[in-house]
Every structure is written in structure tokens, then in C-alpha cells.
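The values are calculated or read from the model by the stated rules, or taken from the named source; none is laboratory data. Everything numeric here is computed off the predicted structure, so don't read it as measured data. Reconstructed Cβ throughout: ideal geometry from the backbone, glycine too, with neighbour counts over all protein chains shown.
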Amino acid sequence: GAVVSQHPSWVICKSGTSVKIECRSLDFQATTMFWYRQFPKQSLMLMATSNEGSKATYEQGVEKDKFLINHASLTLSTLTVTSAHPEDSSFYICSARFSGGLGQPQHFGDGTRLSIL
Amino acid sequence: EDKVVQSPLSLVVHEGDTVTLNCSYEVTNFRSLLWYKQEKKAPTFLFMLTSSGIEKKSGRLSSILDKKELFSILNITATQTGDSAVYLCAVLSGTYKYIFGTGTRLKVLA
């Protein structure tokens with residue numbers, strides 16, 4: 001099946017640090033990648049949708065200057081949490097959808113658990 | 001406002017039982033409904049449904065969509081402890097927006 005790799009799995013850092021999370025589609029080309037945030041025992045909340053070669057589309061309430069998304073190639077998207085603070089601590093999950101579009105499901109990476117001290 | 005509602009929120013059964021999980025939705029520009037299983041990490045894909053009345057089956061799991069009544073069910077027969085997980089339902093609205101339900105937490109006891 002489709003494989004999406006997310007790195008790192010866990011990050012612990014001090015307040016004020018910027019953290020970059022990578023999302024790679026390993027065996028398929030992903031025109032579209034999605035970034036989600038998940039709080040404990042809650043469902044996934046879509047943060048932004050990124051299409052290769054264009055600017056990301058952010059959901060309402062998500063600060064684009066805080067959560068920088070880059071989708072430079074068909075296999076890589078990055079999320080940078082800038083000047084992270086404790087309230088940014090969460091589980092961040094990326095997903096990728098095959099270039100085939102709507103007829104394809106999105107496949108998820110294993111997530112990154114971010115803890116800001 | 002688009003919404004996806006799953007029920008029950010939580011379920012505890014014994015091995016061998018059959019369970020039915022429900023997902024109802026009110027979403028503009030419906031494209032497809034997806035089921036995922038989430039254990040400790042990220043969700044793994046189970047099914048994608050686009051047409052009403054056509055059952056999708058994979059081993060002991062099956063799912064069906066009713067686009068008239070706006071719901072889907074996920075059935076698991078002969079449950080095993082390895083089925084314990086959170087089952088998520090998501091609806092694709094338009095081209096890019098996936099709306100997730102809060103999930104059903106299933107625990108299967110030995």
C-alpha cells in the first residue's frame with residue numbers, strides 16, 4: 001500500500017524554538033498533502049492543504065505565519081511551527097493523496113508528537 | 001456548517017462479537033466517505049465509499065453508504081482484541097476538504 005513517512009516522530013523543545021516536520025510520500029507522487037492537528041481523545045482537525053508548487057490553503061483560525069507550509073516537490077511537504085509555545089504542543093499528522101485526485105484516498109504518516117516546554 | 005457525527009462514542013465488546021459503527025453527515029458538495037482505523041499513531045485507511053448501496057468488504061470488515069439518508073456503517077464481525085482502536089469516519093467535501101468525525105473508540109476484551 002501507499003507509504004507516507006513523517007519525521008521526526010517526537011520532538012521536545014524549549015519555548016521560542018522553531019520546529020520543522022517533514023512529510024514524504026515514498027512510493028507515489030502526491031499532488032496534494034494535508035496537515036492535521038489532533039488533541040488527546042479528539043478527532044483530526046485540518047490545518048491546511050498544500051498543493052505542489054503553490055501556496056498552501058489554510059483553514060479558518062490557523063495562522064499561516066505561525067505554521068509555515070512548503071510543498072516543494074511531488075513527494076515532500078514540510079510544516080514549520082515558528083517560535084513554538086506550550087499551547088502549540090500537540091500531535092501533528094500529515095497525509096498525502098495520489099495525483100489521481102478525488103478517486104484516491106489520503107494516506108497518513110505516523111504523526112509527530114510535539115511537546116514545547 | 002458541515003459536520004460528521006459518529007456513534008457510539010465508545011464501545012466495549014467481547015471477542016467474537018459483531019459490532020456496527022455509525023457515521024452520519026451533513027456536508028456540502030459530498031464527494032466520498034472514508035473509514036480509518038487509528039491505533040497509537042496515525043490513521044490507516046480502511047474503505048472509501050462513493051456510491052450508495054454498494055458494500056465494500058475486507059476480511060471481517062465491511063462498509064456501506066446511504067447517500068439518501070446521509071450515513072454509513074462499518075461492520076466488524078467476529079471481533080478480535082487486535083480490532084481495538086479508534087475508528088474514524090471522514091467525508092470529502094469538494095476537492096480538498098476532509099471533515100472528520102470524533103471517532104468511535106472500540107475495545108475488544110479477550
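The table that follows gives values for the structure above.
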{"read-out": "Some residue of the range B:54-74 being more than 15 Å from the chain's Cα centre (by Cα), closer than 26 Å to A:Y58 by Cα and surrounded by fewer than 18 Cβ atoms within 10 Å (Cβ to Cβ)", "value": "no"}
{"read-out": "In the range A:65-77, the residues that are over 12 Å from A:E52 (Cβ atoms) and crowded, with 19+ Cβ neighbours inside 10 Å", "value": "A:F67"}
{"read-out": "Exclusive hit being of a type in the set (D, E, K, R) and modelled with pLDDT of 90 or more, set B:K41, B:K37", "value": "B:K37"}
{"read-out": "Strands (runs of 3 or more DSSP E) contained entirely in chain B, each with at least 1 residues that are in contact (Cβ under 8 Å) with a residue 60 or more places away in the chain", "value": "B:3-7, B:10-14, B:19-26, B:30-38, B:85-93, B:97-100, B:104-109"}
{"read-out": "Count - residues of the range A:85-104 that are over 13 Å from A:R37 (Cβ atoms) and either of a type in the set (F, W, Y) or crowded, with 21+ Cβ neighbours inside 10 Å (or both)", "value": "3"}
{"read-out": "Those residues of the range A:5-29 which are away from every other protein chain (no Cβ under 14 Å), part of a strand (DSSP E or B) and either under 15 Å from A:S77 (Cα atoms) or in contact with a His (Cβ under 7 Å, 6 or more places away or on another chain) (or both), in sequence order", "value": "A:V19, A:K20, A:E22"}
{"read-out": "The range B:11-42, subset at the interface with chain A (Cβ under 10 Å from one of its Cβ atoms) and not aromatic (F, W, Y), residue surrounded by the fewest Cβ atoms within 10 Å (Cβ to Cβ)", "value": "B:K40"}
{"read-out": "Every residue from the range B:93-105 that is buried (at least 21 other Cβ atoms within 10 Å of the Cβ) and either more than 18 Å from A:E59 (Cα to Cα) or touching a helix residue (DSSP H, G or I) at 6+ places or on another chain (Cβ under 7 Å) (or both)", "value": "B:G103, B:T104"}
{"read-out": "Failed item, numbered, when B:F45 is tested on (1) within 14 Å of chain A (Cβ to nearest Cβ); (2) farther than 26 Å from A:G109 by Cβ; (3) of a type in the set (A, V, I, L, M, F, W, C)", "value": "(2)"}
{"read-out": "Near pairs, Cβ below 7 angstrom, 6+ apart or cross-chain, from the range A:40-61 (more than 11 Å from every other protein chain (Cβ to nearest Cβ) and within 23 Å of B:C89 (Cα to Cα)) to any residue that is crowded, with 18+ Cβ neighbours inside 10 Å and modelled with pLDDT under 90", "value": "none"}
